[in-house]
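What follows is a single structure, written as structure tokens, with notes after it.
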Amino acid sequence: MEKEFVTYELALKMKQLGFDEPCLGFYNKEDRPNLGYCTNSFQDDTTLEIKCTAPLYQQAFRWLLDKHYLYGIVLPTLTMNWTFKTMTVVEGMVEVPPYIHVDANDYSTREDAELACLEKLIEIVEQKNEN
């Protein structure tokens, strides 16, 4: 089940970008998520130190769409690998296939492409926040 949660590094970046939704897991160390409902603002000195929540991939993608109007889609390639496409979704305007700007990399698994897509979406939000 651990592979359903975003990595610790991405969870921290999401927290820095304002992610504070309740999650089914949390990180108290960098290595793996712990199950237990919490939010990033949860503090309980009598138990574990919670460094950040551990959102599910689905939750992370939904948050990026709802809060930052960014959408990512993972696509199979002709070589039986995977790639991804990111796009901005503005009310009434959504890019439709065929996609022009698809990631040029091939990933051997869907999970690798999903992770790369999420990293790219977070990078886009970070760049927007810098400007």
Fill in: the chain - mean residue ellipticity at 222 nm from DSSP helices (-39,500 (n - 2.57) per run, n ≥ 4, rounded to 500)
-10500 deg cm²/dmol
Discussion item. Skipping prolines and chain starts, which residues have an amide H placed within reach, meaning under 5 Å, of the one on residue 25, given they are 5 or more residues away or on another chain?
Written reply: 36, 38, 54
Worksheet item: If packing is taken as the mean number of other Cβ atoms within 10 Å per residue, what is the order of 27-37, 116-126, highest first?
Response: 116-126, 27-37
Worksheet entry | Backbone HN-Hα couplings from phi across the range 22-35 [Karplus 6.51/-1.76/1.60, Hz, Gly and Pro as x] | x, 10, 7, x, 8, 10, 10, 9, 6, 6, 7, x, 10, 7
Practice prompt. Could you pull out every one of the lysines with an alpha carbon less than 30 Å from that of residue 85, ignoring same-chain neighbours closer than 8 positions?
Written response: 3, 13, 15, 67, 120, 128
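Since every read-out is calculated from the coordinates, none of them should be taken as a lab result. Fair warning: this is a prediction, and the values are worked out from it, not measured in the lab. Don't worry about glycine lacking a Cβ; one is built from the backbone with ideal geometry, like all the others, and counts go over all protein chains shown.
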